[in-house]
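Heads up, the thing below is written out as structure tokens.
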Amino acid sequence: MSLFPGVALITGAGSGIGQATALSFAREGCEKVVLADRNEQGLDETRAGIQKVNSECEVYDVKIDVSSAESVDYLVEEAVKHFGRVDYCCNAAGVLSNNERSDATTPEEFDRINGINYRGCWLCSRAEIKQMLKQEPLATHDGRKGNRGSVVNIASQLGIVGRPAAPAYCGSKAAVISMTRCDAIDYSKDNIRINCVCPGVIDTPMTRPNMDVLGSAIAIAPMDRAGTAQEVADCVLFLASSKATFVQGSALVVDGGYVIN
Ligand SMILES: NC(=O)c1ccc[n+]([C@@H]2O[C@H](COP(=O)([O-])OP(=O)(O)OC[C@H]3O[C@@H](n4cnc5c(N)ncnc54)[C@H](O)[C@@H]3O)[C@@H](O)[C@H]2O)c1
């Protein structure tokens, strides 16, 4: 039996970590995948990639803006209209730091970063949880009791430690970690799991243009290299799966050791 008999939903699915996560669900046997992003070209690319790795996988994509409550509610409504439920939700849509200290950060920039990274992630997990509350658990790979759903938010190592000139970004990711823990407490009794992954420096279209300046950040990590989107996706899939039925409220760090230094 597939580890993923249900429906996967991924935001930020048009690029980087979200794209690798969507492809991984399909590769690991998931046959119903909802892709969401504001970048239509990225969605097309991910859909084409999925067809290559699993031609049985049915893909439904929705162009959304995660900072809009209406857009996010529409996404989950459409996913449920199409596939009946949502089981494994990965909220990966996000934007980079503006790389300014607080005195040089405008309220508009602060709101844009937090509106997508924190509020947008909250809007998505909120809509996903609302649907999960209405559904029963699926059968699991080894017959253990399953969950009604699993949410995996993408936070960051920079939600755990600080970095120069990134208060808006670091704050947005610390907020995602804290929100994940609170939701995990609140929805344990409803048999819904909420966890997050905290990537270190990962080679994606978000970071690739700045890899030269990221060298010093990479060197802080004992493993002294950038991670791959696949290495993050593998952790998302573990947390989403029925192999992680007792993992709740965790912030799984995937950073080559950055935060232990
Ligand atoms: N790459 C890294 O080093 C790194 C490290 C830590 C955390 N992260 C986090 O991982 C997540 C994915 O980052 P990535 O590196 O894959 O970046 P990416 O730029 O490759 O992908 C992000 C995707 O999110 C989408 N997106 C952005 N704003 C959106 C919005 N308002 N509505 C809908 N879609 C939106 C983009 O279109 C893009 O497809 C982000 O939350 C990021 O903060 C990345």
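Structural remarks
- Among the residues of the stretch 22-42, those that are part of a helix (DSSP H, G or I) and over 16 Å from Y60 (Cβ atoms) comprise S24, R27, Q41.
- Scanning the stretch 186-201 for residues that are touching a Leu at 6+ places or on another chain (Cβ under 8 Å), of a type outside the set (D, E, K, R) and assigned to a loop (DSSP other than H, G, I, E, B) turns up just one, V201.
- So A104, is it of a type in the set (A, V, I, L, M), more than 20 Å from Q131 (Cα to Cα) and away from the ligand (no atom under 12 Å from the Cβ): yes
- Residues (within 15 Å of the ligand (Cβ to nearest atom) and either free of Cβ contacts under 8 Å to residues at least 24 places away in the same chain or surrounded by fewer than 24 Cβ atoms within 10 Å (Cβ to Cβ) (or both)) located in the stretch 1-23: S15, L23
- If the condition is being among the hydrophobic types (A, V, I, L, M, F, W, C) and either buried (at least 23 other Cβ atoms within 10 Å of the Cβ) or under 10 Å from A36 (Cβ atoms) (or both), then the stretch 57-71 contributes V62, I64, V66.
- Some residue of the stretch 46-69 being near the ligand (Cβ under 8 Å from one of its atoms), assigned to a strand (DSSP E or B) and among the small types (G, A, S): no
- Only one entry in S172, S178, S125 is in contact with a strand residue (DSSP E or B) (Cβ under 8 Å, 6 or more places away or on another chain) and at pLDDT 95 or above, namely S125.
- Search result, residues across the stretch 72-94 that are within 16 Å of the ligand (Cβ to nearest atom) and surrounded by fewer than 18 Cβ atoms within 10 Å (Cβ to Cβ): D73, Y74, E78
- Selection count, the stretch 183-235, where residues are within 14 Å of the ligand (Cβ to nearest atom), of a type in the set (A, V, I, L, M) and more than 14 Å from D255 (Cα to Cα): 3
The values are calculated or read from the model by the stated rules, or taken from the named source; none is laboratory data. Because the structure is predicted, anything quoted here is derived from the model rather than measured. Neighbour counts are summed over all protein chains in view; Cβ atoms, including those assigned to glycine, are modelled from backbone coordinates with ideal geometry.
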